[in-house]
Structures are given as structure tokens and as C-alpha cells.
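Computed from the coordinates by the stated procedures, all read-outs in this text should not be read as laboratory data. Computed from a predicted structure; not experimentally measured. Every residue, glycine as well, gets a Cβ built from its backbone with ideal geometry; the counts of neighbours run over all protein chains shown.
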Amino acid sequence: MKKLKLLAALFVVAFVFSACQNVESKKSIVTNFNADFTASNEKFKAEGSITAENGETELTFTSPETINGLKICNGGGEISLEIDNLVSTADEAYLPKDNLPQLIHSVATEVSGGREILYQKSDEFDTYILETSKGKCTYAVDKNGYITSAQINSKNFRIDFFNQLALSE
């Protein structure tokens with residue numbers, strides 16, 4: 001009887017140990033950050049900087065020249081636009097849902113929900129898939145937990161982040 005119990009215990013330990021080795025662990029993804037970005041969809045390409053913090057985003061555009069200096073803040077269902085000391089606000093429900101700032105906001109904020117699925121793992125980058133409010137998003141996370149790029153194919157949208165700095169949580 002002792003041998004049977006010992007054999008059963010060894011089997012359980014071996015099973016647990018092998019299961020632990022096969023689990024793909026997710027990186028801790030930085031969701032509160034400052035970064036520069038380049039973003040594009042089928043109609044528009046832009047560059048600028050972003051601050052994403054606690055579900056809100058602030059975008060400041062540097063390119064194209066026609067919107068250089070435009071700041072868009074998005075959070076809490078309201079969007080504000082500011083340029084040359086002129087500020088305007090609007091309820092996001094009244095704006096087109098697939099505009100470039102809304103797509104950037106979706107990518108930057110919906111990652112924080114922890115619903116992402118690890119798709120591919122490597123030493124340098126992990127690739128995740130997440131169903132966002134704008135469609136299925138595929139994004140890459142570097143070894144430090146920073147999102148380096150994301151795309152929503154159904155919207156023909158891509159964004160690349162660089163010069164990232166984590167903000168305190």
C-alpha cells in the first residue's frame with residue numbers, strides 16, 4: 001500500500017512539474033507610457049507622441065505639417081482637440097469610429113485589460129492577439145514589456161512605438 005501511495009505521489013509531482021514547464025508565460029506589458037509613434041491607415045499617415053495613462057491618451061502630432069501641434073486627448077467618452085490655444089471638445093459617440101486617433105486610443109488602452117492571447121514567443125519579442133472594440137489587433141511586445149508595434153488588419157491600421165518611457169502605475 002505504501003508503494004502504491006508513493007508511486008501515486010511521484011506521478012502527481014511529475015505531472016505538475018511537466019505542466020509547469022510547458023506553460024508559456026506572458027510578459028508584463030507596460031500600459032502606462034510615453035512614446036513617439038508613426039501610425040497609418042488607408043487614408044492617413046501621421047507621426048507624433050503619445051501619453052497613455054489609466055485608460056486615457058494624449059496625442060500630439062508632428063506630421064503631416066497640416067496638423068503639426070494638434071493635441072487630441074481621449075478619455076472618459078470625451079475627446080478634446082487643441083491647437084494654437086483653441087480648444088474644442090466633443091462626445092466621442094458623435095465622431096467617426098474608425099478615425100486614426102480612435103484607433104490609436106484603442107490600441108494603447110485596451111491592452112491593459114489582460115485579455116490578450118500569447119500567439120508567438122521569442123527571446124526578443126512576443127506577439128499577442130487581442131479582440132479590441134475596433135477589431136482583432138496583433139501586437140508585438142519587446143523583452144522589457146513595451147508595445148513596439150500593433151496592427152488591426154480589418155482597418156488597414158498600423159502603429160509603431162519608439163523612445164518609450166514607462167510611467168508609474
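Here are some notes:
- Look at the dipole of the range 93-169 built from charges on Cβ: of THR109, PRO96, VAL141, the Cα furthest out on the positive end belongs to PRO96.
- Working ranking of peptides 80-86, 52-58 by packing, defined as the average number of other Cβ atoms within 10 Å per residue, highest first, is 52-58, 80-86.
- Convex hull of Cα atoms in the range 73-169, direction-averaged projection (nm²): 7.6
- Protection proxy ranking, peptides 89-96, 146-153, average beta carbon neighbours within 10 Å, highest first: 146-153, 89-96
- Efficiency of FRET from Cβ geometry, ASP123 and ILE83, R₀ 41 Å, rounded to 0.05: 0.45
- Other residues with beta-carbon under 11 Å from the beta-carbon of GLY76 carry, at +1 per Lys or Arg and -1 per Asp or Glu, a net charge of -4.
- Averaging the Cα positions of each part gives two centres, and for the range 129-169 and the range 88-105 these lie 18 Å apart.
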